[in-house]
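Please treat every number below as a calculation from the coordinates, not as lab data. Remember, it's a predicted structure, so these values are computed and weren't measured experimentally. Positions of Cβ are generated from backbone atoms using ideal geometry, with glycine treated the same way; all protein chains shown enter the neighbour counts.
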Amino acid sequence: MSSSHHKQKEAANTMKGREQIFNVFDIVSEVPDDHFFGSPSEEASSYSTANSNLSKRAMKEWKILEQNLPDSIYVRVYENRIDLMRAVIIGAAGTPYHDGLFFFDIQLPSKYPNYPPEVYFHSFGHDLNPNLYNNGRVCLSLLNTWQGRSAEKWDPRASTLLQVLLSIQALVLNEQPFFNEPGTSFGRLIFQSRSRVYTEMAFQLTWEVAMNLVHRPPEHFEAFVLQHFCTRSVAVLDACREYANERVWVGYYCMNQGGDGRSSSLCSSSNVKVSASFKKSLVESLYPRLVQTFQSCGADLNGTPKELESEVIINKQPKRKQMIDPTMHENKGEAGKHNNKGGIFMKAVDRIKTALGWKKKKTDSKQF
């Protein structure tokens, strides 16, 4: 049995019968072997020296974190490497990342705070956000890894690690992550359909990452990961059912005050539409694997269906007319020639395409 699996089993056994309390900030003795920046460096020995400039600034950062972290961000720092830390952010309600866990390894450079911290995201190879790359890179103006106005960039005199974590939580893991992409903010109405598809993808990949976390929990967070997903399992599975049956927009599922797992009227909508591929993926793949994963965490799923059935698919509702996506190239075919409805709308779409350079001249035979 591997070391990570052994620790996971120990954490599961520890959890049985009682819920643990985790501090949002804590100091542990040694850097874990799985920390991205954990390899020994020539400067590492000086990081434990209380008189070094980095040590003084690190202590100041620790104090800020300890006193100001919200209950949705947890941080662990290390006695033997004060230049390193690990943070986990819980996905916020009202976003496709709700109830997910997002782990970041952080290193303070030797000339910190003159330079911003380096941050690595545990993506497990998934692209679930335009600012979080599958190679672990985090693009953020505050980290100087993305262009931005001077006021948004790292300021050695004022910027802090707390600001970095809060920025990732609020600005990156947000309600409509598609619009984090450069050049999309000017046309939110035009890109709305693509944004919804991206939101569906972000939700699915959040739980692909979650399943990886359960099987390979980051060190010093083994019990935290299992307890979190055990506690949120029923709500997440209920959310999957609500989304698959088009009762709630993806990302907007919430528990009512009774806590029975049903979405409240504030979250429900009669005009919800999700893609067929998203429903198919939930029903045939994601939901059954989540059930198995949550059961391995020790979750009590009594009363929760072990298989997901989409009422929308079963009832075979009439096909809706396909929505026109102005971001796609024009290819009407014979059907388009005979469809005179919405002519004014099509002319408007053509003008938008021309203005934005999406529409090619008739003399240009190339497709784009």
**OP:** Quick one: which residues, 5 or more positions from W146 or on another chain, have an amide H under 5 Å from its amide H? H modelled 1.01 Å from N in the peptide plane, none for Pro or chain starts.
**Re:** L140, S141
Original post:
For the range 195-205, what does the Karplus curve 6.51 cos²θ - 1.76 cosθ + 1.60, with θ = phi - 60°, yield as ³J(HN,Hα) per residue in whole Hz, taken in order and with x for Gly and Pro?
Top reply: 5, 5, 5, 5, 4, 4, 4, 4, 5, 4, 6
**OP:** Sticking with the crude label model, points 7 Å out along Cα→Cβ, report the distance from A170 to D155 in nm, one decimal please.
**Re:** 1.5 nm
Original post:
Taking a spot 7 Å from the Cα of R137 along the direction of its beta carbon, which residues of the range 90-127 have an amide N less than 14 Å from it?
Top reply: 119-121, 127
**OP:** Kindly list the residues of the range 167-184 that lie in the label zone of Q147, defined by a backbone N under 20 Å from the point 7 Å along the Cα-to-C-beta vector.
**Re:** 179-184
**OP:** Would you please give the FRET efficiency between E79 and N271, computed as 1/(1 + (r/R0)^6) with r the Cβ-Cβ distance and R0 = 51 Å, to the nearest 0.05?
**Re:** 0.40
Original post:
Using a basic spin-label model with each label point 7 Å from the Cα along Cα→Cβ, how many nm lie between Q192 and Q67?
Top reply: 4.6 nm
